Every structure is written in structure tokens, then in C-alpha cells.
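Here's the structure we're looking at; comments come further down.
The values are calculated or read from the model by the stated rules, or taken from the named source; none is laboratory data. None of the values given here were measured: they were computed from a predicted structure. Glycine also receives a Cβ, built like all others from the backbone with ideal geometry; neighbour counts cover every protein chain displayed. With ligands, DNA and RNA removed, areas are computed over all heavy atoms of the protein, side chains included. Shrake-Rupley method; radii C 1.70, N 1.55, O 1.52, S 1.80 Å.
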6 protein chains.
Amino acid sequence: MNQPILPSGRPSGRASDQLRPVTIERHFTRHAEGSVLVSFGDTRVLCTASIEDRVPPWLRGKGEGWVTAEYGMLPRATSSRTQREAARGGQGGRTMEIQRLIGRSLRACVDRQALGERVITLDCDVIQADGGTRTAAITGAYVALVDAVNLLMKRENLRRNPILGAIAAVSVGVYQGVPVLDLDYLEDSACDTDMNVVMNDGGGFIEVQGTAEGHAFRRDEMNDMLALAEKGIAELVAAQRAALAQG
Amino acid sequence: MNQPILPSGRPSGRASDQLRPVTIERHFTRHAEGSVLVSFGDTRVLCTASIEDRVPPWLRGKGEGWVTAEYGMLPRATSSRTQREAARGGQGGRTMEIQRLIGRSLRACVDRQALGERVITLDCDVIQADGGTRTAAITGAYVALVDAVNLLMKRENLRRNPILGAIAAVSVGVYQGVPVLDLDYLEDSACDTDMNVVMNDGGGFIEVQGTAEGHAFRRDEMNDMLALAEKGIAELVAAQRAALAQG
Amino acid sequence: MNQPILPSGRPSGRASDQLRPVTIERHFTRHAEGSVLVSFGDTRVLCTASIEDRVPPWLRGKGEGWVTAEYGMLPRATSSRTQREAARGGQGGRTMEIQRLIGRSLRACVDRQALGERVITLDCDVIQADGGTRTAAITGAYVALVDAVNLLMKRENLRRNPILGAIAAVSVGVYQGVPVLDLDYLEDSACDTDMNVVMNDGGGFIEVQGTAEGHAFRRDEMNDMLALAEKGIAELVAAQRAALAQG
Amino acid sequence: MNQPILPSGRPSGRASDQLRPVTIERHFTRHAEGSVLVSFGDTRVLCTASIEDRVPPWLRGKGEGWVTAEYGMLPRATSSRTQREAARGGQGGRTMEIQRLIGRSLRACVDRQALGERVITLDCDVIQADGGTRTAAITGAYVALVDAVNLLMKRENLRRNPILGAIAAVSVGVYQGVPVLDLDYLEDSACDTDMNVVMNDGGGFIEVQGTAEGHAFRRDEMNDMLALAEKGIAELVAAQRAALAQG
Amino acid sequence: MNQPILPSGRPSGRASDQLRPVTIERHFTRHAEGSVLVSFGDTRVLCTASIEDRVPPWLRGKGEGWVTAEYGMLPRATSSRTQREAARGGQGGRTMEIQRLIGRSLRACVDRQALGERVITLDCDVIQADGGTRTAAITGAYVALVDAVNLLMKRENLRRNPILGAIAAVSVGVYQGVPVLDLDYLEDSACDTDMNVVMNDGGGFIEVQGTAEGHAFRRDEMNDMLALAEKGIAELVAAQRAALAQG
Amino acid sequence: MNQPILPSGRPSGRASDQLRPVTIERHFTRHAEGSVLVSFGDTRVLCTASIEDRVPPWLRGKGEGWVTAEYGMLPRATSSRTQREAARGGQGGRTMEIQRLIGRSLRACVDRQALGERVITLDCDVIQADGGTRTAAITGAYVALVDAVNLLMKRENLRRNPILGAIAAVSVGVYQGVPVLDLDYLEDSACDTDMNVVMNDGGGFIEVQGTAEGHAFRRDEMNDMLALAEKGIAELVAAQRAALAQG
């Protein structure tokens, strides 16, 4: 893939294949089995992993566990205040869509037999939003999940590690005709195409969700975007590893 | 793309690149501006298009219209009875995800300025489900939308046609290691990967939503699936045209 | 009862004691134990009967079953779009009133001991509305119920038939001073009195719900309406029998 | 109609055509424009009429008013505690059915043009239940309505009285094979047929809602029940007049 | 505490340390184990106590019971009609706050081990409101609770009385600069400070909830208000005793 | 007030009149007009102030503004996971009680005429809970409010400062017989009395909410607790000033 020169460049001045600064802060809060504050630039998401000794009704007695996710946004994570979903009486369509995506993505890296009859809930709460909250959430939730599973393995003396591999996610898109990596809010609200890609550390795709915002996208644009995503996810997996390597 | 020989074949005996029989029955009900019963094999979805002379609050006074969709499933469209969402007190996450997809897809083929300050609502209600309800819904809703817009153009003497082109959708997946087109329920519940693809009649992608169910999918599998989708959608667009050509 | 000559006649040109054309199409969908599309003229209701091996909490261990009904209307079954109840967050008063009526009516023809500890749910979904949706629903639901019970008797080798007799329903009213049978929407919205009558095939009354819309009705009008109902229901029971007699 | 001798008699010892003691206490509470505590034996319902200077959206600018009703039951009005609907998150089907009946019945005695652009809400709250709460509610609500309208006529100097005539309601049924008037809870839970009848003081029927509980009822039983209802309602209208005649 | 002379006096003409007339009518309704209509002047609250042989999930098998409360207001208890909470779809913040207060207060006088595995629910429904509904509710609910417990002791032969002592409540405030006892609505809506005080018959405080409405209040004002509350509650406890002494 | 020697001491080893370490971090997030992360020991609450140019319906055209608050708790702020209120379908009683308290408290320090027709919403979201979340929320929300108002004064050139003075809050209680300041979770769950006190910087009381958990509390205990609260709030006001003095 050629890296085309942006006519006027990205609003942030980043190269088209450049991630925003990524930070992964573990043990951000005290009670959860895993607790990670992940930042993709100004997007900050608190991801906690909670282990409970129960399974959903449809898994009772099957000897396997479950991984699920919930997503929320603090009312003033956004530039103007968003109504609190609890006050409005329920979760909206966007929230449900995102938390289903996070849950499916993380289940893809867990051996549910090895987990045993337990539920791990990944709560991803956006403290500050600047585009890419769902991809930051997946990337951070993976680290919280690993911390929780490591604790569980020690505490319960599990025979094998339920984690099958790493999972990370990034958005890609076509902005002013140019494929770019990791869109921030300014790009996200003006781009032609927006695609969220979830991959594992073996280079396999877990989820690909691409949406034409402005005009329909072509196969070659899709190929360029997927190549950017592969590059970005490799860097995110490295950042996850580095974070997990610290005590 | 080579068409591989299926070890034991598809449950339906179809070739890997073969759609189920598609029927598009216009004017299925009387009141709606557009009303289409679409069948992809045993999947049957009633799609109605309703025009209202109002716009959502955020579009007031902007001189443009809106296209939105709602999705529902009759309780016994499925092999065991599903609880009615109205009785349960609200729409679930799956429903919201699907109706958001349908709405986004159809908006991609509408010139909202040309539509003027009107809302077109596409109600897609599944009468019988056998896999692929959302792709059938998008394919049928397009035809209902065209019928409604044609009526509107006559009735309101619109200066230009708000329809920019055709939209259709199909699912593709990897079943027993083989990429296949238009999964039915048996395939859908046993496949490794499931991807819904929405395209326009110019061969552009509107939405691509791929999910690894069993194992992560590779770039080459993705390419095979996208090629199958292109073939299937060309056939669906032809079926839409044939239906619209009838009185 | 004399058949008075209508001053200007019924909008449809029917005689005052004439039903709309009635069709009863069995096996309309594939999954349900009973599935009937019933039409009273332009009113079309899909009635499915679903058997489940459970009973409501208050019947546990009592050796008897339950029959219940749910009613819905597709958003564009009506001449202008009605808001989807699932989207609005719950069923409205009219829906609840109607589904309670359908459930009570059908329970009147079932021997719940003979049914055993099972629930049969009758889902009545209006595809197209032109007045009389609840009476069409009851009439069609009876046929779906019989199909489901016949299946159950074969499958479970029941000792005796839980069906005690046939049930059908029709509306009657006073339109422009004249008692008429089976009101369509135009009559329904302009009539003085509207009465829904549910009867069994022995000529007994199961439900009588009469409402004065314009002015209060007199005993003689009531008698005339009941006589019309008796005539109409006899014809509906014959139509049910004819439908059930077909393979 | 012959008054048959009851084999074992009614639980209360009443004659088959005998109402329970009826009391109508006006001005029971202070704030409402009309406030009536009505008792049918041990059934006690507080009916208030509230006037508001607004109309529902669909009546704006039409120069006519509206009359509506809401029904509630205090949690311990019944012999075992019923869950509070506000705590359960909404009104159930029975409540909606009853309040729709009360509203329709009272609208039948109001000239909505004469009322002008106002809403009168009749709140009927059951303090103690012993069968027949809806008929007591309608009978009491009429008196509260008249008090409110009289106040309104004085206060606003209305040109003509919006009240067209009196409305009252009573239940009738077939208990142990015998038609009886004004069922109490013991009779109501054991009867074969239960019918609620709303009439005006001219002997016209406003609503007739009959339900076969045990077996289907015949025309002659229906005639007997309607005759009992006519007798009972004449007495109830007299009781309303007597109450309204007091200062 | 000095009793200051009010500049213009209280709207009701009461002395600053004078309660409104208090009446406590036991056995107001028939079904509940305890049923009390309490009046603080024009404020009238129906308090019922219901005993159920169950405990909340978190108390199962612990050998102790629970006491809880629910609060409601009839729509026209107030000078203009308040929307019915059941119709609005749930209890509001004020209702929840009040019923939590009533429940906590009454639990403070119950030995939950002596009660055994039972729930007593105190339903406090405001029939007419004129300020002080929550304090009247607590004062009346105590009497209903005692009646219910006495019945339970007889019926179940309890070994010891679960009632530990009496509980009553009153409001105090600063009105036009003067501390006053038992505010009515006129005072309540114009006062500077409003404080609800719950005490036991030993002079101990159970709850103190003071709110500055106009300006912040000082320690000396607080002391004056608490002294008024002590006086008022002593009188209320005497009224409770007198009521309970009657048959 | 004497400082009694604790028999076994507080779990944290603090003196009975000693606050936990307090930190107030301004500008914690970027979008809100005021954004403060406040910590009382391990209790951490994010408080944002959002200004909107609208007023609630009942204040339209009155030339004054409104201040309101919403409270939430991240699901894993607590030692075991709490269900998300948005997923449960609404805010619970505890949440409503707390956010009403926060709103009332902050309104007490705002001149709503000076604010003009605007709403300031204080969102208080608990990131980590260890007792005293509502008092930390009020203390932090005041600082966020001041930041927002200062911004508003600059931006809109307000003529006078709407802030009337400082507001802070602290909990006090009786733990093992000893009055203590600023209870943490261990103390809170084992104390005899728990009291939340909100004061202004003039030493006036805004809210006092005391609850006997174990036994009723006496006047002298109340006096001791209020004295502790006065001391604690003076320190909190100093911490607020210090935070606001920084850039």
C-alpha cells in the first residue's frame, strides 16, 4: 500500500498510518479483578473485568463459562452533554450495538471450557470521547480480562489458561479520499467511510464492520483500510504486551 | 475465485455460490405507499415504506428529509416461540442493531435534499425466519422504497428523483471450511464466519459486517466471501429490477 | 328480524346481514404448530398457535394447561402509520384489552385438564386492518388452535381431545339506524353502536361486548344485533369447518 | 322475568334482584372539583373529578372538550396484597381495560361542545374491593362529574349544561344457575356468567360486557340478566339523584 | 426554648408549638392486618400493614423478617391534579425518598428476629394532602404495624413481641423567622427551613432530615426545632397509645 | 467537645476527628465547563458541570436559571459488581435520593437570577466507592460549578457572580460508641448512626440527614456529630479554596 500525501493533511497532523498516542494504565481502580484505563489520544475508557461465580441460565450445568460486556458513556464525555441512559430509562441502540460487539470480540479469545462455570463482565465506561471509543474499549478490555484471568488462575488453581491469544481493535477510514488509521472525532464526523476492525495476534480477523458514510467504498479502498488496520493492531498488541509485562 | 467442492455439501444441496430462490411480491398490503413481501427461500419479510410529512427535530427547517427503519419478528417466525418485544417492554439489542443497519443502508441510496422535508419509514417485519432476515429485509425494503418514492414523485410533483441507485444485501460465510453464499438457518448456526454485505448497483460497498463465529478468518477467506457477495448482489439487483418492471 | 332497506346502503354495497368474503388459509407459515391467515374482506390477520411444555407459575403441579393470546398490529397495517409498540416501550390499553378478549374466548373451548401441563399461545398479528381485527383474530385463532391440538394429540398420544367445540366471533352494529353484520372500517368509524360477539357452535354466548358510540342502544336494537351475530357466526363456523376439512 | 328461588341462596342472603347497600358520600376530599366515596356493600371507591384547561393534542382548536378516566386499586384493597402498579413499572391489562370502560361510559353523558376546551379526568381509586369495583366506579364517577360540572358552570358561566343525562352501572351474572344482581366477590369468583351493564337514565344501553366464565350463556339468560340490570340501574340512578339533591 | 410571638401569626392561627388536630382511625378497611386512617389536620393518609410469609432473597434462611414501606399519593390528593405514577411508568424520586424513609423508620422499632421469616409491608397512601404527609404516614403506619403484629402474635403464637417501642414523626421548620411545629402546606411552601424528625418513645432520634429552603439555618435554630419536635412527638405518641387502647 | 479515646480505634487508624486525605483535581476531563475528580481517601468521584442555554418548562420566561444534579456509580466502583442502572431500565431509589440531595445542596449557593436562563447540570459519577460518595460528590461538584460559572462569566459577561458562597459536605457518625468524622466503608457498614451534613462557608447548615442504624441517637451525640461536621467542613472548604487558587 502506498502512503498517499494528504492534500491538507489530517487535522491532528498525524501520518495516515499513525496511531494516536496509546496508554494503558492497569489497576486504575481497586475493587475489580481487572481495571484498565486505556487512552487512544483524548479518548479515555475505563475497562473493568468482574468475575462472578454464576453462568447465564442457558449455560447451567454445561461446564463452561461466559464473557460479556457492557458499555456506557459518562454524560459529559462528549462535547455537549448527552442524556444519561439510566435517567432516560434504558440503553439506546448505539450502546447495545457497541456492547454486543465488545462482548463477541472478547469471547473470541477465551476458551470457555477452561474458564469453567463463571461469568466475566467487561464494563467499558467512556470517561472522555474523541472518536474510536469502541476500539479503545476492546483493546483495553483485553488487558483487564487478562489481569482478571491471571488472578483467577492463581486463586482457583485452574488447570489451563482460558486466554487463547490477544485481541485488539482499531478504526480505519477514508478521509478526504485517503485511507487513514485510528480516526479521531474530527475525522470520524467528516469521513467517507468508517471501518472498525478487530483482530487477534495471529493476524486473523474477528470482526470487520465497515460503513460508507459519504459514498460507497471500493474493493481497493477496503484493501488499503484492512492493511492499515493490520499495521495498527500489531502496534496495539505490542502496547498490550508492554503493559502486561509491567509487574 | 475457485469454487471448491464441498465435502458433504450444503444442507440444502445448493452450490456454494447459489442464492436461495428469491421472490419479490409488490403491493402485498394495501395501505402503505410501498409494500413488498420478499422471500429468500423460507425467509419471508414484509417490508413497508411509509411517507410522513414531518422530519425529526434535528432536521427541522433544513430542507432535507430522512429515511429510517424498524425491524420486528413475529413471535412464531422462529422454530420455537420468541417473546414479543412489545410485551417484554422494549426492543432488544439484536433488533436495534439490525434496524440501524437497514436504515443506514437505505439512506445510502437516497438524495435527502431531493426528498424534501419528509420521513420515509421502512418497517421490516419477519413473517418467517430461516437465516438472512436482515439481508432479505434490505433487499425488499429497497423495492418498497422505490414504490413509495415513485408515488411521491407523482403526487407531489418532485423535480428530481431522490433515488440515487439500487441497494441490495446478502450474507456470505465460511461453512465447513468453504465460502458460501446466502446462508440459511442450518448453515448460519454452524458456520465459522458470517458476513453481511450491502452493496449498490455500481458495485460499491455500503456495509460490510463480518464476524468470526468459530475461528478468526483470513484475508483470502474475506476476499472469497466478498467475491461471492458481489455475485449474489448482482443477481438480487436483477431480481429487484425485474420486480419493479412489472406494472 | 326484518331486514330493513338501508337508506343509502352500506359503503361496500353489502346487504345488512352479509359477511365480507372470508378466507381461512392454513399452514401459512412453517414453524408454528398451527398457522392460519384469516381474511374478513381486507382485514387480514396471521394467527399462530405455539405449544410449550410449561405452565404459568400459578398452575404448576395442578395437572392442567393454559391457553393465552397476544395481539399485535404491524405499524402499516393501518391507513396511516401507527407507532410500533415495541419501540414505544410496551403494549397499549387497546392491545391489552383485545388480547385478553381473545385469550378468554379461546379458553372457553378448551378442556384444560385434557390439555395437560402445557401452554398454547395464540399470536394474532394484523397484517392489514379494515375493521373487525379482533373478531377475525378469534375466528382464525380457533383454526390454528385445532391444528396445533391435532398435532399434539398425535405426537403425545393424548387420551381425549381437549377441544370442546368451535368458537367464532363477529362484529355487529347499528349503522345509519340499521343493524348490520361485520362492520368494515368505514362503518366502524361512523356507526352508532358497535358490538363484538363471540359464540360457540352450540349457539351459546361466550362474550358480548357492546358499546354505544353515538347514542345509547335499545333492547330491540340489541336483539336485532344478536340475531345478526348468530347468523354470521353460523356462517363463520361453517367456513372454519370447511377449512379444517381440507387435508 | 320470574324470580327463581335459589337452591342454597346467595352467600349474602340477598334476594336475586337485590343490590347491596349503596352509599354515595359527596365532598369526601377537599381539593377536587368533584369528590365522591361510593360504596356498593364492602366495595368502596373514591371517585374524583378534576377539571383542567387543556385538551389532548388531537382536539386542539376544535372547540370541544374531553372526559377521561383512570383506575387504580390500593395495594391492600384486596384480601391478599396486590403489587403496586407504580412500583411494577406500569398499568396492567385489567386496569387499562377498566379505565377505558369508565372513560367511554362517562363520555356518553357529556356534550363535549358544551364543555368547551377542557379535560375532566375521573380518578377512580379502589379503597376496598369486594366485587363490582368498575360498576361502583362508574356510578360514583357520574356524581363526581356532575359536581365538577356544576362548579364549572358557575365559575365559567357556561351557556348550557354539558351533562346530557345520568349514567350508572351494575354487574349481573348467573350464580348457581340463577340470574343475580350486583355480584359480590364470593359470587363473582364462582359464577358461570358475569356481565357489566352501563345504562343511562332513559333506559338506553351504553355498554354491555358479558363473559361466560363457566359455560356459554343462552339468549334467555342474557334477557334475564339485562332485566335485572335495568332494575338495579333504576335504583342506582335514584340513589345518585338523592345524593345530588343534598346541598 | 422561648415561644416567640409571631409577627403576623401562623396562617392557621395555631401557636408555634401547636400540632394540628390529630385523629387515628383504626380498622379503616377490612382486608389488611392493620389499617389506619391518620389525619394531621387536612392531611389524611391511609396506612395498611400487610403480613406475608416470605422474605426478600437476601434474608432467606436467616431466621429474621423484614419491614418495608411503599408510599403513594392519589392523583387528586393535591390542589391541582398530579399525574398517576402507574400511568407515568414508575415511581418518582420524591416517592422513593419518602418510602425509604418510612421503611427505615419503622424497622427501627421492630425486633426482626422475633418477627421471624415474614415481611410486613406498610402501604401509605395519601388521600388528601396539606403538608406533612410523610410524618403523618410514619405516625399512622406505626399503629397499623402494632395491629398487624398483635394479630400475628395471636395467630402464630409468637414467643416474644417484635415491637420494641413506639415511633412517631413530625415536621418542624422556621416560618417567618420563627420555629414552628407541624407545618401545613401554606407554611411548608413559604418556610425558610423544613425538618422532618422521627423519634421513638424513649426520646431517641431515629431520623433527622433538615433542609434549608430559604437561607442556611444556625445551630440555635436547629436546637429550637428539635425541642419543638420532642414536644410534638410526645403528644403524637400519646395519641397513638390512646388509639391503640380502644378495643 | 472532648475527643474520646477509641477502645480499639478506627479501622483506618485515623483520629476520631480526622478526615481522610482529600484531593481535588480540576480539569480532569476536557469537554465539560467544569470537571473535577475528587477523592476522599479511596472514594473517587468525577464531578462535571455542564451549562446549557435552556431552562426547565416551569421556569420559562422567568429570567432565572436552574441547577440540578445526576448521580451514578460505575458498575465496578464497588467491591462486588452492581448492576448497571441503564441496563436495569431506570434509576433506583438510592440514586434518586442522592442526586436530589446534591441538587438541593448546590442550588443553595447559587443566585439563580444572576445565573440567567440557563441550566447547570452536575454529573457526579463514582469511579471508586469506599463510603461517603455523596459528601465527596457535593464537595467536588461545588468546585466544578465554580469553574463552570467563572467560564460563563467571562464568556457571557455576566454582571454579577451567581455564586453566593462555598458549599461542602461530610459524613459523621457514631462508631463503636464514639462520634467520628468522615466514615469510610468499613465504619459506615458497622456504625450506629450515620449523618450527612452539608454546610456553607458561613457555618450555616444546608442539609442535615441523620439516620439511626443500630440504636436511636441522643441529643448529646447529635451535638458531638454536628461539631465534628463543622470542623471537617471547615477543612474541606479550605481544600476547595486551595484547589480553586491554582491556575
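It is to be established whether one or more residues within the stretch E:212-234 are of a type outside the set (K, R), away from chain F (no Cβ under 14 Å) and not in a helix (DSSP H, G or I).
Taking every residue of the stretch E:212-234 in turn, none turns out to be of a type outside the set (K, R), away from chain F (no Cβ under 14 Å) and not in a helix (DSSP H, G or I).
Are any residues in the stretch C:212-225 under 23 Å from C:I138 (Cα atoms) and surrounded by 22 or more Cβ atoms within 10 Å (Cβ to Cβ), and if so, which ones?
C:A212, C:M222, C:D224, C:M225
Among the numbered conditions (1) in a strand (DSSP E or B); (2) closer than 28 Å to B:P75 by Cβ; (3) among the aliphatic types (A, V, I, L, M), tell me where B:I138 comes up short.
If we test B:I138 against (1) in a strand (DSSP E or B); (2) closer than 28 Å to B:P75 by Cβ; (3) among the aliphatic types (A, V, I, L, M), just (1) comes out false.
Restricting the stretch C:226-245 to residues that are open to solvent by less than 50 Å² (accessible area, probe 1.4 Å) and over 15 Å from C:G140 (Cα atoms), which is farthest from the chain's Cα centre (by Cα)?
Only one residue tops the list, namely C:A227.
Identify, by number, the condition in (1) within 21 Å of the chain's Cα centre (by Cα); (2) on the phi > 0 side of the Ramachandran plot that C:G63 doesn't meet.
(1) is the only condition that C:G63 fails.
Please tell me if E:D201 is open to solvent by 10 Å² or more (accessible area, probe 1.4 Å), within 29 Å of F:G173 (Cβ to Cβ) and out of contact with any His (no Cβ under 6 Å at 6 or more places or on another chain).
yes
Could you please let me know if D:G41 is more than 23 Å from C:D194 (Cα to Cα), within 11 Å of chain C (Cβ to nearest Cβ) and open to solvent by 20 Å² or more (accessible area, probe 1.4 Å)? Reasoning before the result, please.
Values: more than 23 Å from C:D194 (Cα to Cα): yes; within 11 Å of chain C (Cβ to nearest Cβ): no; open to solvent by 20 Å² or more (accessible area, probe 1.4 Å): yes.
So D:G41 fails the test.
Return the total of residues in the stretch D:153-181 being in contact with a helix residue (DSSP H, G or I) (Cβ under 6 Å, 6 or more places away or on another chain) and of a type in the set (D, E, K, R). Steps first, please.
Narrowing the stretch D:153-181 to residues in contact with a helix residue (DSSP H, G or I) (Cβ under 6 Å, 6 or more places away or on another chain): D:160, D:162-163, D:166-172, D:174-175, D:179, D:181.
Filter again for of a type in the set (D, E, K, R), leaving D:160.
Going through the stretch D:153-181 one residue at a time, the tally reaches 1.
So, in the stretch B:50-97, exactly how many residues are farther than 30 Å from D:G92 by Cα and in contact with a strand residue (DSSP E or B) (Cβ under 7 Å, 6 or more places away or on another chain)?
Within the stretch B:50-97, residues that are farther than 30 Å from D:G92 by Cα and in contact with a strand residue (DSSP E or B) (Cβ under 7 Å, 6 or more places away or on another chain) number 11.
Just a yes or no: is a residue in the stretch D:199-209 farther than 18 Å from D:F40 by Cβ and either of a type in the set (F, W, Y) or more than 14 Å from every other protein chain (Cβ to nearest Cβ) (or both)?
Yes, some residue in the stretch D:199-209 is farther than 18 Å from D:F40 by Cβ and either of a type in the set (F, W, Y) or more than 14 Å from every other protein chain (Cβ to nearest Cβ) (or both).
Taking E:N150 as the residue in question, decide whether it is open to solvent by 10 Å² or more (accessible area, probe 1.4 Å), touching a helix residue (DSSP H, G or I) at 6+ places or on another chain (Cβ under 7 Å) and at pLDDT 95 or above.
No.
So which of D:T133, D:T95 ends up being touching a residue at least 40 places away in the same chain (Cβ under 8 Å) and under 22 Å from E:T29 (Cβ atoms)? So that I can check it myself, show each step before the final result.
Working: D:T95 fails: touching a residue at least 40 places away in the same chain (Cβ under 8 Å).
Just one listed residue meets the conditions, D:T133.
Only one of B:V180, B:V174 is within 14 Å of chain A (Cβ to nearest Cβ), touching a residue at least 40 places away in the same chain (Cβ under 8 Å) and either part of a helix (DSSP H, G or I) or open to solvent by less than 20 Å² (accessible area, probe 1.4 Å) (or both). Can you tell me which?
On inspection, the qualifying residue turns out to be B:V174.
I'm trying to understand the selection: among the residues of the stretch A:77-93, which are within 14 Å of chain B (Cβ to nearest Cβ) and among the basic types (K, R)?
Of everything in the stretch A:77-93, just one residue is within 14 Å of chain B (Cβ to nearest Cβ) and among the basic types (K, R), namely A:R88.
If you take the residues of the stretch A:80-90 that are at pLDDT below 95 and part of a loop (DSSP other than H, G, I, E, B), which of them is nearest to A:G140 (Cα to Cα)?
A:G90
Picking from B:I98, B:I102, which residue would you name as being more than 10 Å from every other protein chain (Cβ to nearest Cβ) and either assigned to a helix (DSSP H, G or I) or open to solvent by less than 10 Å² (accessible area, probe 1.4 Å) (or both)? If you could, list the steps in order and put the result at the bottom.
Values: B:I98 fails: more than 10 Å from every other protein chain (Cβ to nearest Cβ).
So the residue among B:I98, B:I102 that is more than 10 Å from every other protein chain (Cβ to nearest Cβ) and either assigned to a helix (DSSP H, G or I) or open to solvent by less than 10 Å² (accessible area, probe 1.4 Å) (or both) is B:I102.
Got a number for residues in the stretch F:49-85 being open to solvent by less than 10 Å² (accessible area, probe 1.4 Å) and under 15 Å from A:G72 (Cβ atoms)?
4
Of all residues in the stretch C:106-128 being open to solvent by 20 Å² or more (accessible area, probe 1.4 Å) and part of a loop (DSSP other than H, G, I, E, B), which is nearest to the other protein chains (Cβ to nearest Cβ)?
Result: C:A108.
What are the residue pairs meeting all of these: first residue in the stretch E:50-75, first residue within 14 Å of chain D (Cβ to nearest Cβ), second residue open to solvent by 40 Å² or more (accessible area, probe 1.4 Å) and among the β-branched types (V, I, T), Cβ atoms under 6 Å, and 6 or more apart or on different chains?
The qualifying pairs are E:P75/E:T82.
Take the stretch F:9-27 and flag every residue that is over 17 Å from the mean Cα position of the chain (by Cα) and open to solvent by 30 Å² or more (accessible area, probe 1.4 Å).
Of everything in the stretch F:9-27, those that are over 17 Å from the mean Cα position of the chain (by Cα) and open to solvent by 30 Å² or more (accessible area, probe 1.4 Å) turn out to be F:P11, F:S12, F:G13, F:A15, F:Q18, F:H27.
State the number of residues belonging to the stretch B:137-166 that are away from chain C (no Cβ under 14 Å) and touching a Lys or Arg at 6+ places or on another chain (Cβ under 8 Å).
The number of residues fulfilling the criteria is 4.
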